[in-house]
Amino acid sequence: MAGRKKTAPETVEAEVVNEVAVTQPAKMEFRLINPTEDGFLRVIKWNKEELEAAVRQKMASYENVVYTEDSMQQAKKDRAELNGLIKDIEDRRKIVKKIINEPYNVFEAELKEILALIQEPVGIIDKQVKAFEDQQKEEKKAKIRASYDEVIGDLESVLPFDKVFDSRYLNQTYKLATAQADIKSKVEKVRTDLETIDSLESKYKLNAKDVYIKTLDLSKALAENKRLSDLEEKLEAEKRRKAEEEAERKRLAEERKKAAEERERLAEEQRKAREAQLRAEQESVSKQPESVTEQPQNVIESPENGTEPAKNVSNGTENGTQGPMAAVDPFTQQQASEQPKAQEKRYQTRFYAKGTRGQLEALIQFMNENNIEYGRIKA
């Protein structure tokens, strides 16, 4: 590395300070004496061109260099040489920086001592200024509050002062008259909005008013009223639909009930008609004279009444001249059907029958269908 060129020291002209008489007060004015503002170090001169040319020449020899195992010692030597150059440059830079910074560090410390002397009374004055400004703000706020009290009326519980007051009113750039007008405008707007809500023909205007008091937004209050009204309408429509469905269900059930009652009534009328027909037939048979002088009797044991005669069923011949014959089973038709009707003989027997209503009706129907005469047994 080439040596550093030596240059002659620069001549700096210092500001000449005249002596001040002791009787004159010192000026609170900051002035530079040495060096003057134009006399500060502008350029640090050094052998930049010479050193840069030597470094570039040297660095060119390392372009595309490849070290092998045999030349590893040379690689370490080259590295040490370059690191030494870097260290030398850095050391010299730090020395220059230290030399230049030494007078500034002293200068800075001296200025801070003087600043400390100034800042102490500044703090005292600042407290007094702040107290004065705070007092002005309180007085301004009181005047704004007085304007609020003039117009608030019965809305104070709905619209307290803190809700309409804006801290920007206390800024010096914000005129008192403007703040007072703004307060009155806000109160009047709230009064008008509440009157609008009260004029609603809706059961939900109290809900809308609650929303307005919280938000001071008329559009939100009206939207809440509409939401609740729409919800009620929807619920009422659903209620009507369910009522109509229930009425239809009851109507269909009533129709089914009436249809069932009508079927039962018709069945009862048919049953009564059959019973009336049966009684008429029994009465008609009972009025006919008996044609057989001697009749065999079959006696059937009754579980409830003991022995009693069975009903008289007439199976004799049409002229009634036949003598007593053996009893025949009234539940079979085989004997009668085997002979031609012209040669059939008719017999008469007495028997007892017991069963359910349906069974007895079926028995009567059987005898009617097979042309078997029957009648009531006389005591």
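Over every Cα atom in region 188-265, the radius of gyration and the widest Cα-Cα span, Dmax, amount to 23.5, 79 Å.
A simple rule links phi to the HN-Hα coupling: the Karplus curve 6.51 cos²θ - 1.76 cosθ + 1.60 with θ = phi - 60°, which for region 171-179 gives 5, 4, 7, 9, 6, 4, 4, 5, 5 Hz, with x for Gly and Pro.
For region 206-218, backbone phi angles converted through the Karplus equation (6.51, -1.76, 1.60; θ = phi - 60°) give residue-by-residue couplings of 5, 5, 5, 5, 4, 5, 5, 4, 6, 10, 6, 10, 5 Hz, Gly and Pro being listed as x.
What does the net charge come to around GLN365 if you take all other residues with beta carbon closer than 14 Å to its beta carbon, with K and R at +1 and D and E at -1?
Details: positive: ARG271, ARG274, ARG357; negative: GLU275, GLU281, GLU361, GLU369.
Around GLN365, the surrounding residues sum to -1.
The residue among ALA60, LEU32, GLN73 whose Cα reaches farthest toward the positive pole of the charge dipole of region 19-91, with charges on the beta-carbon of Lys, Arg, Asp and Glu, is LEU32. All alpha carbon pair distances within region 31-152 were sorted into 5 Å bins beginning at 0; the resulting P(r) in whole percents reads 2, 7, 8, 9, 8, 7, 7, 6, 6, 6, 5, 5, 5, 5, 4, 3, 3, 2, 1, 0, 0. Along the axis of the charge dipole computed for region 151-217 (Cβ charges of +1 for Lys and Arg, -1 for Asp and Glu, origin at the Cα centre), the listed residues TYR212, PRO160, THR178 are led at the positive end by THR178.
Between THR349 and VAL313, ASN315, the built amide H atoms are under 5 Å apart, and every one of these is 5 or more places off in sequence or on another chain.
Simple point charges give the picture: +1 on the Cβ of Lys and Arg, -1 on the Cβ of Asp and Glu, and for region 45-157 a dipole about the Cα centre of about 600 debye. Over region 145-222, the hull volume per residue, using the convex hull of the C-alpha atoms, is 88 Å³.
Rule-based calculations on the coordinates, nothing more; no lab input. The structure presented is a predicted model; accordingly, all values stated were derived computationally and were not measured. FYI the Cβ positions are ideal-geometry reconstructions off the backbone, even for glycines, and counts take in every protein chain you see.
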